[in-house]
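Here the structure comes first, spelled out in structure tokens, and everything after it is commentary.
Just so it is clear, none of the values below were taken in a lab; they were calculated from the coordinates. For clarity, every value in this text was computed on a predicted model and none was experimentally measured. Reconstructed Cβ throughout: ideal geometry from the backbone, glycine too, with neighbour counts over all protein chains shown.
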Amino acid sequence: FAEDGSQLWLRFPAKNGISPEKIMAKGNSPMLNIARRELTGHWQGQGVELRLEKSLKNLKDGYRITSSSEKIVVSAPKESGLLYGVYHILRLQQTNADLNNLNITEKPSYDVRILNHWDNLDGSVERGYAGHSLWKWEELPDTVSPRYEAYARANASIGINATVLNNVNASPNMLREDYLKKVKVLADIFRPYGIKVYLSVNFSSPKVLGGTENSDPLNKEVQKWWKEKAAEIYKLIPDFGGFLVKANSEGQPGPQDYGRTHADGANMMADILKPYGGIVMWRAFVYSPSKEDRAKQAYLEFVPLDGKFRDNVIIQIKNGPIDFQPREAFNPLFGALKKTPEMVEFQITQEYLGQANHLAYLAPLFKETLESDTYANGKGSTIAKITDGTLRPGKLTAISAVANIGEDTNWTGHQFAQSNWYAFGRLAWNHELTSEQIADEWIKMTFTDKPEFVNPVKQMMLTSRETVVDYMMPLGLHHIFAGNHHYGPEPWGDYKGGRPDWSPVYYHQADAGGIGFDRTQTGSNAVSQYFPPLNEIYGNIRTCPENLILWFHHVPWDYKMKDGKTLWDELCYKYDSGVQQVREYQKTWDRMQSYIDEQRFSEVQSRLKIQAKDAVWWKDACLLYFQTFSKRPVPYDIERPV
Ligand code: GCU
């Protein structure tokens, strides 16, 4: 096959796998047949037995793998587990693991492992940097792109079992009969790969599509419309997953338009989906221009509603309280809802991390959030444990991320952006995997297992997110992007008369005295939304982690950092170190030429060039601008702004 990245990490040996007689499996379902096909296509080891075992039912989608030199046995309570088990052994084979004496038990960390596509019906993708939408709405239902199945296969290979097809800024038309027929075609293709389809819905759909007087969730006509719509959907797609809702957020309609609460809105939908087993993922990404610090708003709106949601509603919360910044403090809503299931929303698409031009491996960002201790139930109440059911047993568990997938040949724009799709899937399956394990696997599957390639490239990946933080927004700076496109720097941005909550100057607060957003008691007091002792740790400039110091404090320019430097000097060195790191990545990558194909090599090489140029742009723009306040010289030993 062409070395253009289209194969993703699924680069199994080209020669044939084992003969069908060496596969023992009962049944002929489409899912089992896919498992068989993967084995006959690619498996080159001993015979394989696929065995359904009801007694393993607590493994849900999980499986067990045992092996001897003659035979591998994959057992699972459901066929989905068998399929995942087959992908597991293929991964082992591809990474050259020993296939004898295996004894592996796997169980997913989350029930719902879901991608959110921000794809519009016109084929554009909000915050998409890999070309147009994969979904060809104008061709469906009659013309079916082979990429739909390739997409499902790639997801199944890493355990992703759900997908929201359309943008959270949802068009009401998504629920039109003609579109639902197109959705059905996709659902039918995804089903044998264990993937359920969900849709983002626009809260005003009843009024816009159904002509009801309003879309008030307590209006009987409105409820009737949703009920009939649900019946129509489930007739076409019996295993339809449910709705994702962005309501009363950034101008989207919602229950508050009618004086109702988020709970009123979510519960109305939940009641209607309940008989079918559907769920509602209700987003907590809400804020409006107000005197209140944007970082506090979701907590203020949702905490009073705790306990008021139906059990098939789950609150979907972005990892940080602002908006997918290179680094954010974690969202204080995690753990604050004691009775309501919560799920994380990550962003795989790099809206604020250099988009498809910058190499930023995001597993460390995902892990940083999941491992953050909220202290909600005392020490050890990590976001992982709050959301995976450990500390909230018996509740729905899910994890989501905004996809970076488009119709580009290599799916994700940057070859290395594939690793972020991969990493999300692997962490949704097992959040205890380390960033390093995941990078190791991905590199070996995607490129080569030669240590001369794997080790330096892995090092580059593992440091890459911090590098982006350094040259864009070190020390807890945030939201100093240029408006709208969110690609380059605009720390001077001051949208006077417009939206101060979108203005960079509002977030960095630089003045003659210092820089940073005071979120302590003397400022917005966002620290009070964190459980003790975090409120104190973050609230005290001496104990606040330095990588968040400007997130929580307005810090004097001459403040002494832990390494003895002044804050101003530290800021300069951080920006510079980000730039120098990217230059190192360029050198590292240049040395990799002989290990991989020319096309992928040169694609990455040219994007690193852009990244290095952008890093300098960020450093110069930010330091020159902040210097107008600090009035201090840039240390002599860093690269000079040009
Ligand atoms: C960000 C992003 C928007 C998106 C929004 C959301 O603000 O820039 O494009 O719609 O998040 O998550 O709803």
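Using +1 at the Cβ of each Lys and Arg and -1 at the Cβ of each Asp and Glu in segment 302-446, identify which of Leu333, Val303, Ala384 lies farthest towards the dipole's positive end.
Among Leu333, Val303, Ala384, the one farthest towards the positive end of the dipole of segment 302-446 is Val303.
Against the 2.2 N^0.38 Å scaling, with N counting residues, where does the chain land? I'd like the Cα-based Rg ratio to two decimal places. Don't jump to the answer; show the numbers that get you there.
Values: Rg = 24.9 Å, N = 642, 2.2 N^0.38 = 25.7 Å.
For the chain, the normalised Cα radius of gyration is 0.97.
Ranked by Cβ crowding within 10 angstrom, fewest neighbours first, how are Leu82, Leu391 ordered? Let's see the in-between values first.
Values: Leu82 25, Leu391 19.
Ascending Cβ contact count within 10 Å gives the list Leu391, Leu82.
Kindly give the semi-axes, whole Å and largest first, of the ellipsoid equivalent to segment 465-509, taking each as the square root of 5 times a Cα gyration tensor eigenvalue. Write down the numbers at each step before the final one.
Numbers: eigenvalues 80, 24, 9 Å².
Semi-axes from the Cα gyration tensor: 20, 11, 7 Å.
For segment 603-642 and segment 1-31, write down the distance between their C-alpha centroids in whole Å.
Rounded to whole Å, the Cα centres lie 47 Å apart.
Given H placed 1.01 Å from N in the peptide plane, which residues other than close sequence neighbours of Val402 have an amide H under 5 Å from its amide H?
Long-range HN contacts for Val402: Asn116, Phe346, Gln347, Ile348, Thr349.
Classify segment 20-106: rounded, prolate or oblate, from the alpha-carbon gyration tensor (a ≥ b ≥ c, eigenvalue square roots; a/c under 1.5 rounded; otherwise prolate if a/b is larger than b/c)? Don't skip to the end; give the middle numbers.
Details: a/c = 1.61, a/b = 1.17, b/c = 1.38.
Note, shape of segment 20-106 comes out oblate.
Scanning the chain for chymotrypsin sites (Phe, Trp or Tyr not before Pro) in DSSP loops with at most 15 other Cβ atoms within 10 Å, what's the longest stretch left with none? Can you show the working numbers first?
Numbers: sites that count: Phe1, Tyr495, Tyr636.
My reading of the result: 2-494 is the longest stretch.
Can you name the helices of the chain, as whole DSSP H runs, whose Cα span along the helix axis is 15 Å or more and whose Kyte-Doolittle mean is not below -0.5? Don't jump to the answer; show the numbers that get you there.
Numbers: long enough: 30-42 (18 Å, -0.47); 79-94 (22 Å, 0.09); 146-157 (17 Å, -1.15); 177-190 (20 Å, 0.11); 220-236 (24 Å, -1.21); 262-273 (17 Å, 0.28); 418-429 (17 Å, -0.47); 435-446 (16 Å, -0.63); 451-472 (31 Å, -0.16); 567-590 (35 Å, -1.22); 598-630 (47 Å, -0.43).
TM-like helix candidates: 30-42, 79-94, 177-190, 262-273, 418-429, 451-472, 598-630.
Exposure proxy check: Lys246, Lys182, Lys60 ranked by fewest other beta carbons within 10 Å?
Working: Lys246 24, Lys182 21, Lys60 15.
Ranking Lys246, Lys182, Lys60 by Cβ neighbours within 10 Å, fewest first, gives Lys60, Lys182, Lys246.
Quick one: which residues, 5 or more positions from Ile72 or on another chain, have an amide H under 5 Å from its amide H? H modelled 1.01 Å from N in the peptide plane, none for Pro or chain starts.
Excluding prolines and chain starts, which carry no amide H, the hits are Gly47, Val48, Glu49.
Rank these for me by crowding, Lys560, Lys227, Lys291, going from fewest to most other beta carbons within 10 Å. Present the calculation step by step, with values, prior to reporting the outcome.
Values: Lys560 11, Lys227 15, Lys291 6.
So the residues, fewest neighbours to most, are Lys291, Lys560, Lys227.
Relative contact order for the chain using alpha-carbon pairs under 8 Å, separation at least 6, rounded to a whole percent? Numbers along the way, then the final one.
Values: 1288 pairs, mean separation 74.4, N = 642.
Normalised by residue count, the contact order of the chain is 12 percent.
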